[in-house]
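Please read the structure below before turning to the comments.
A short reminder: the numbers here are calculations on the coordinates, not readings from a lab. Everything numeric in this text was worked out from a predicted model, so none of it was measured. For neighbour counting, all protein chains shown are included, and Cβ atoms are generated from backbone atoms with ideal geometry for every residue, glycine included.
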Amino acid sequence: MLKLKRILLIAPPEMNRSPAFERAEALARAAGALLHIVAFDYVQALAVAGLFDPNAMAQAREGYLQVHRQWLEQQARFQRSARLPVSTEVVWARTTPAHVLEYINDFHADLVIKDMHYVPALERAFHRPLDWVLLRDCPAHLHLVSENAKPVPAKILAAVDLSHLEELTQGINDRILNLATTLAGATEATLHLLNVCNWSVLGDAAMSVPTLSLDHSLCEAITDTQQEAFDALAERYGIGKPRRHQLTGIPHKVIELFARQNAFDMLVLGSAYHRDVDGSVGSTVETLTNRAPCSLMIVKPTSGFD
C-alpha cells in the first residue's frame, strides 16, 4: 500500500482558510504525513514602488510578508499542538505555473493539494489555467479540492480505464486503486470502483471509438475482457461486488453524472498516459476538472519521486 510521507498545500494568496486547508490537514493527520503549506504572494504596487526607492520597497515588502507569515503560522499552530508536523512558507512571487512547478519539484511531495478553480471556456481559449498545467506537468499526485468539500471524505469513487492494455498505461489503474485504498483506509471512507466500458482502442490507434459501432462478436470479446480485468482489479484491492460499477457511455459524462447522483466526496482518476500534440493530457480528466461535482484526486502514471 502507498505511504504518503510529504504533502504540499498550495494555499491561496488571499489569507483565507479555504477548503483545501481543511482537507490537507485531515489527510496529513490520517496518513501521518508531514504537511508543508506554501503561499505565493506578490503585490504589483510594491514592486513598482521599488523602482523608485528599492530600500523603502524592501522594508515594505518584508513587513507585508511578515503579516502573511504570521497568519499562516496561526493556521499551523493548532495542528502542531495535535502533533501534526506542519511547516509554512510565504514566497514573494506570482502564482504562475513556472513558479509553482519549480517549488513542487524542489519540495519532492508525494501529494500536492490546492483549491479547484473554475475557469470559463473563453478564458481557457487564450491560456492554460494553473490547474490544467498541473494536471500535465506536476510530478506528484494532485488533489484539487472543491469549494463545498468536507474536511474528511466519506465516499470515494475510483474511476479506472480498461480500454488500454495496463502495460501501455504504466500501471495507471493499479496506481489509482493503490492511492484510493490508502486514502479510504486512512479516512475510513467507503470506496467504490467505476469503469465506463463502452469505449475501446483498436490496433495501434491513439484514439478511442464506441464499442457499439464495432462488430457484435468483437464487441462481446472486448466487453468480456474488460469485465475480467475489472473483477481482477476489484478482487486485488478488496472492493466488494456492491461497490463495483460497470457503466456504458462517454466517459466524462458518465463519471460526472454517477459521482453527482451518488454524492461522492472525492473522485480518483488517472491522467492520460499519452499527451496530445498540443500538450494536453486527455479530454476526460481535463473536462472533469472544470465540471466535477466533487474534489478530484489525479493519479500520475509515473512519479519523479517514486
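Details
- Net charge in the neighbourhood of Asp231 (other residues with Cβ under 12 Å of its Cβ; Lys, Arg +1, Asp, Glu -1) is 0.
- Computing FRET efficiency as 1/(1 + (r/R0)^6) for Thr223 and Trp71, where r is the C-beta to C-beta distance and R0 is 45 Å, gives about 0.25.
- Sequence of Arg61, Arg83, Arg260 once ranked by neighbouring C-beta atoms within 10 Å, starting from the fewest: Arg83, Arg260, Arg61
- Cross-link partners of Lys300 among lysines, defined as those whose alpha carbon lies under 22 angstrom from its own and excluding same-chain residues fewer than eight positions apart: Lys3, Lys5, Lys114, Lys155, Lys253.
- Net lengthening on full extension, His108/Ala154 (0.36 nm per residue, minus Cα-Cα): 13.7 nm
- Taking 7 Å steps out from each Cα toward its Cβ at Thr190 and His117 produces label points 3.5 nm apart.
- Applying the Karplus relation 6.51 cos²θ - 1.76 cosθ + 1.60 with θ = phi - 60° to region 229-242 yields 3J(HN,Hα) values of 5, 5, 5, 5, 4, 4, 5, 4, 10, x, 9, x, 4, x Hz, where x marks Gly and Pro.
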